[in-house]
Amino acid sequence: MTAPLDSAAVAQYLADHPHFFDEYAGLLGEVKLASHVTGKAVSLQERQMEVMRDKYRTLELRMAELVRIAQENAAIANRFHAWNQALLKSPGGEAMPRDLLDGLVKEFGVPYATLRLWNLAPQHAECWFASGVSDDARIFAASLRAPYCGPNKDFEAVRWLDAAEQVQSVVMLPLRAGEATFGLLILGSPDPARFTSQMGTDFLVHILETASAALAKLQG
């Protein structure tokens, strides 16, 4: 008595004999399968077309997602380029911190932005960007090894922002010259979902590095 074939054996046989349906082409129309779309019985050919359409739709959705990501990255890159141009047009010196912040607000639509610097040259010691920085704030800035993105946990640095009581989410970027931290750049929003721990930080690192380079000349 011949042993019945299981489905795995049938599948393996068809995989090993790709010309089977060339020899038995009539089966393509005779074999009936349940359609996942209509629930009705369809031929093997029709079922194959459904599978191909499903794969095509999946590829279309994936391609649309990749296009969306590319467009978003291009838009961010254009904003970053415009901000860099604004920094190059700045007269520098004590004007640089304000020009840097104004550019971030304008180009990236950040509701609130400010910064504080320390270890400055004597001629900048009384400027607005050197005031109100405690030792704790300096220690906190030095402890940040990457941009902080997330909720406002009543950070001292957030109180440097205008309308600090409205800020729900923040970005904090430690400004460095080499290994030495000499400042902290703060971005804030009243929207708790604007800055989250899940957001990418690649462009924030670029902002951090560019801001650090632009402001390092104010150090003593």
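Do the conditions hold for Thr181, that is, is it under 15 Å from Ile207 (Cα atoms), touching a helix residue (DSSP H, G or I) at 6+ places or on another chain (Cβ under 7 Å), hydroxyl-bearing (Ser, Thr, Tyr) and modelled with pLDDT of 95 or more?
Numbers: under 15 Å from Ile207 (Cα atoms): no; touching a helix residue (DSSP H, G or I) at 6+ places or on another chain (Cβ under 7 Å): yes; hydroxyl-bearing (Ser, Thr, Tyr): yes; modelled with pLDDT of 95 or more: yes.
No, not satisfied.
Which numbered condition trips up Val67, out of (1) surrounded by fewer than 11 Cβ atoms within 10 Å (Cβ to Cβ); (2) touching a helix residue (DSSP H, G or I) at 6+ places or on another chain (Cβ under 7 Å); (3) of a type in the set (A, V, I, L, M, F, W, C)?
(2)
Looking at Asp135, is it among the acidic types (Asp, Glu), open to solvent by 60 Å² or more (accessible area, probe 1.4 Å) and farther than 30 Å from Ala74 by Cβ?
On the way: among the acidic types (Asp, Glu): yes; open to solvent by 60 Å² or more (accessible area, probe 1.4 Å): yes; farther than 30 Å from Ala74 by Cβ: yes.
Yes.
I'd like to check something: does region 80-95 contain any residue that is outside any loop (DSSP other than H, G, I, E, B), at pLDDT below 95 and more than 19 Å from Ala213 (Cβ to Cβ)?
Among the residues of region 80-95, not one is outside any loop (DSSP other than H, G, I, E, B), at pLDDT below 95 and more than 19 Å from Ala213 (Cβ to Cβ), which makes the answer no.
For Leu101, all conditions in the list (1) open to solvent by 40 Å² or more (accessible area, probe 1.4 Å); (2) touching a residue at least 12 places away in the same chain (Cβ under 8 Å) hold save one; what is the number of the exception?
For Leu101, the exception is condition (1).
Applying the selection to region 187-204, what residues are in contact with a Pro (Cβ under 9 Å, 6 or more places away or on another chain) and in a loop (DSSP other than H, G, I, E, B)?
Our first condition is that a residue be in contact with a Pro (Cβ under 9 Å, 6 or more places away or on another chain); within region 187-204, this holds for 187-192, 194-197, 201, 204.
Passing the criteria: Pro190, Asp191, Pro192, Arg194, Phe195, Thr196, Ser197, Thr201.
I need the full set of residues from region 52-89 which are out of contact with any Phe, Trp or Tyr (no Cβ under 9 Å at 6 or more places or on another chain) and in contact (Cβ under 8 Å) with a residue 40 or more places away in the chain, in order please.
Keep residues of region 52-89 that are out of contact with any Phe, Trp or Tyr (no Cβ under 9 Å at 6 or more places or on another chain), which gives 52-72, 74-75, 78, 81-82, 84-89.
Passing the criteria: Asn84, Leu87.
Consider region 200-218. How many of its residues are open to solvent by 60 Å² or more (accessible area, probe 1.4 Å) and either at pLDDT below 95 or aliphatic (A, V, I, L, M) (or both)?
Matching residues across region 200-218 total 6.
I need the full set of residues from region 133-185 which are in a strand (DSSP E or B), in contact (Cβ under 8 Å) with a residue 40 or more places away in the chain and closer than 18 Å to Ala216 by Cβ, in order please. Steps first, please.
Residues of region 133-185 in a strand (DSSP E or B): 148-151, 169-177, 180-185.
Remaining after also requiring in contact (Cβ under 8 Å) with a residue 40 or more places away in the chain: 149-151, 175, 177, 180-185.
Leu175, Ala177, Ala180, Thr181, Phe182, Gly183, Leu184, Leu185 - these are the residues of region 133-185 that are in a strand (DSSP E or B), in contact (Cβ under 8 Å) with a residue 40 or more places away in the chain and closer than 18 Å to Ala216 by Cβ.
The values are calculated or read from the model by the stated rules, or taken from the named source; none is laboratory data. Here the structure is a predicted model, which is why all the values come from computation and not from measurement. Every residue, glycine as well, gets a Cβ built from its backbone with ideal geometry; the counts of neighbours run over all protein chains shown. Surface accessibility is based on the protein's heavy atoms, side chains included, excluding ligands, DNA and RNA. Shrake-Rupley method; radii C 1.70, N 1.55, O 1.52, S 1.80 Å.
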